[in-house]
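For reference, the structure discussed in these notes is given below.
The values are calculated or read from the model by the stated rules, or taken from the named source; none is laboratory data. What you see is a predicted model, and the numbers here were worked out from it, not measured in a lab. Cβ sites come from the backbone with ideal geometry, for glycine too, and all protein chains shown count toward neighbours.
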Amino acid sequence: MQQTETPDPRKDELEEDLNTIRSWRNVLVGAAILLPLGYLLWQGAGTLGWQPHLLDWLHLIVRWAHVVLGVAWIGASFYFIFLENSLNRTKDLRDELAGNLWAIHGGGFYYVEKYKNAPKKLPEKLHWFKYEAYFTWLTGMLLLTIVYYFNAKAFMVDPAVRDISPLQAIGIGIGSLFAGWFIYDALCKSPLLERKSLFAVIGFMIVVLLAWLLSRYLSGRAAFMHIGALLGTIMAGNVFFVIIPAQKALVAAARRGQTPDPTLGKFAGLRSLHNNYITLPVIYVMISNHFPVTYGGAWNWAILAGLTLGSVAVRHYINLHEKGIHAASMLPLAAIALFALIVVTAPKPSTTGGKPVSFSQVAPIFQERCISCHSAKPTDDVQKIAPNGVMFDTPDQIKKMADRILVRAVQTHTMPQANKTGMTEAERQLIGDWINQGASLQ
């Protein structure tokens, strides 16, 4: 008679210890990479131009890593939600299966099965999807620190919004991440979680409220970025605090020969679905800092709400389409939201009144308000290299960037950064008139 193998709990404990060691090993590897960069930054602090040069490279490397890891994480999220939505759940299934799926990709056929609980015997090796989430969040926070917290005076504080100190701005930003996670987690632990539509509406309203509050204390760009960071924190928190612990409990129960608690998979699945819907708003917010038309106005929080609503509608359409449901109203809703934002953010007609403006009238404004940063040799205390390589040392350089100057300095008021040099409304209007009249250098 064949004897049933008795599960050894010590083996499970050993495997858990090994997983912990591997996790810390990866953290130490990351530290081993970053510490030399920190040392170089410290060593070069006294060399003219070295510190901003190294910060630029650090910014590039961290942003690259953040994007690569984020693509891996979001790709896995999209794929597994696609599997869940597309499984065959009725035809020719064994009793132990919840569904299966045939697919073709890259010149090969794939067959995937999902179990209702767990297979009778677990394989020696399971593929886990967690480090993509962890390191996307870690690189994102590092990027937030490099770009915003290291330069809070320039990028987070806008005296026209609220005259606060850089330290207060950083505290508000970090506090919003903690507060947002605890609010979301509390909602998930309430009976509201079972009422998906109401949960989504209330969650959306809370995000909009937080966006409105942050826009009253931080610069528009920083407010947007912290909403994106909050959504990313919620996604990573779901993986770290709920999804992975549930998966570990399911694996441990299966290895002990016990029936896994189905509620663990249910709640982990709901958090995973939340992450799936959050991904598109996060991507929208993260790229918005390149487009001041989104964050530069007084109604930036409402624009953020519109972008979020439209992107969620697109994600919902895709999820339903994968289930074979054609929700025809979702895409028009997203398109209406987008076109409404285009109309709302459109520049107002020029009020020049036909009075000619010469370059000699606007040149002193550029010299006094812009040249401290936008120069081959900046004199600003933060910007030691001309931002994005944009320089206004010559009339031709100014004329070349007339379109961008119109957007940043006149229409959205996002330049000078946090209006650090005190450009007046009259000066902005004069520059706008000069550009609208053709930006002549005569």
- Item | Enumeration of residues in the stretch 244-269 that are out of contact with any Phe, Trp or Tyr (no Cβ under 9 Å at 6 or more places or on another chain) and under 14 Å from SER77 (Cα atoms) | ALA268, GLY269
- Task: Look at VAL161 and say whether it is out of contact with any Pro (no Cβ under 8 Å at 6 or more places or on another chain), under 30 Å from LEU214 (Cα atoms) and without any contact (Cβ under 8 Å) to a residue 60 or more places away in the chain.
- Result: yes
- Given (1) within 18 Å of MET225 (Cβ to Cβ); (2) more than 23 Å from the chain's Cα centre (by Cα); (3) of a type outside the set (A, V, I, L, M), PHE178 misses just (2)
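Go through the stretch 109-128 and give me each residue that's within 22 Å of ASN88 (Cα to Cα), surrounded by fewer than 10 Cβ atoms within 10 Å (Cβ to Cβ), within 34 Å of the chain's Cα centre (by Cα) and not aromatic (Phe, Trp, Tyr).
Within the stretch 109-128, the first condition is being within 22 Å of ASN88 (Cα to Cα), and the residues that meet it are 109-120.
Imposing the further condition that a residue be surrounded by fewer than 10 Cβ atoms within 10 Å (Cβ to Cβ) reduces the set to 109, 111, 120.
Filter once more, keeping what is within 34 Å of the chain's Cα centre (by Cα): 111.
Scanning the stretch 109-128 gives no hits.
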- Do any residues in the stretch 117-145 that are in contact (Cβ under 8 Å) with a residue 40 or more places away in the chain have Cβ atoms under 8 Å from those of residues that are of a type in the set (Lys, Arg), where the two are at least six apart or on different chains, and which pairs are they? LEU122/ARG255; LEU143/ARG63
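I'd like to know if the stretch 148-156 contains one or more residues that are of a type in the set (A, V, I, L, M), buried (at least 18 other Cβ atoms within 10 Å of the Cβ) and under 19 Å from the mean Cα position of the chain (by Cα). Lay out the reasoning, then the answer.
So in the stretch 148-156, the residues of a type in the set (A, V, I, L, M) come out as 152, 154, 156.
Those left that are additionally buried (at least 18 other Cβ atoms within 10 Å of the Cβ): 152, 154, 156.
Then drop every residue that is not under 19 Å from the mean Cα position of the chain (by Cα), which leaves 152, 156.
For the stretch 148-156, residues of a type in the set (A, V, I, L, M), buried (at least 18 other Cβ atoms within 10 Å of the Cβ) and under 19 Å from the mean Cα position of the chain (by Cα): present.
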- Task: Evaluate the stretch 303-317: report whether one residue or more is out of contact with any helix residue (DSSP H, G or I) (no Cβ under 7 Å at 6 or more places or on another chain) and not polar (S, T, N, Q).
- Result: no
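How many residues does the stretch 369-388 contain that are part of a helix (DSSP H, G or I) and at pLDDT 85 or above? Before you say what the answer is, go through the steps one by one.
Taking the stretch 369-388 and keeping what is part of a helix (DSSP H, G or I), we get 369, 387-388.
Next, from what is left, pick out any that are at pLDDT 85 or above: 369.
The number of residues fulfilling the criteria is 1.
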- What do you reckon, is ILE104 modelled with pLDDT of 90 or more, surrounded by 14 or more Cβ atoms within 10 Å (Cβ to Cβ) and of a type in the set (A, V, I, L, M)? no
- Note on the structure: Subset of the stretch 104-131, residues in contact with a Leu (Cβ under 9 Å, 6 or more places away or on another chain) and either within 24 Å of GLU322 (Cα to Cα) or among the hydrophobic types (A, V, I, L, M, F, W, C) (or both), comes to TYR110, TYR111, VAL112, GLU113, LYS114, TYR115, LYS116, ASN117, ALA118
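Mind listing whichever residues of the stretch 205-260 are of a type in the set (D, E, K, R), touching a residue at least 60 places away in the same chain (Cβ under 8 Å) and farther than 22 Å from ILE146 by Cα?
So the first thing to find is which residues in the stretch 205-260 are of a type in the set (D, E, K, R), and the list is 216, 221, 248, 255-256.
Within this subset, residues satisfying the condition of being touching a residue at least 60 places away in the same chain (Cβ under 8 Å) are 221, 248, 255-256.
Answer for the stretch 205-260, where residues must be of a type in the set (D, E, K, R), touching a residue at least 60 places away in the same chain (Cβ under 8 Å) and farther than 22 Å from ILE146 by Cα: LYS248, ARG255, ARG256.
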- Note on the structure: Checked the stretch 69-93 for anything surrounded by fewer than 14 Cβ atoms within 10 Å (Cβ to Cβ) and among the aromatic types (Phe, Trp, Tyr); matches are TYR79
- Report, ordered by the first and then the second residue, all pairs with beta carbons closer than 9 Å, sequence separation of six or more or different chains, a first member in the stretch 398-420 that is under 24 Å from SER358 (Cβ atoms) and outside the structural domain of PHE155 (by TED's automatic domain parsing), and a second member that is among the charged types (D, E, K, R) and outside any helix (DSSP H, G or I). GLN411/LYS348
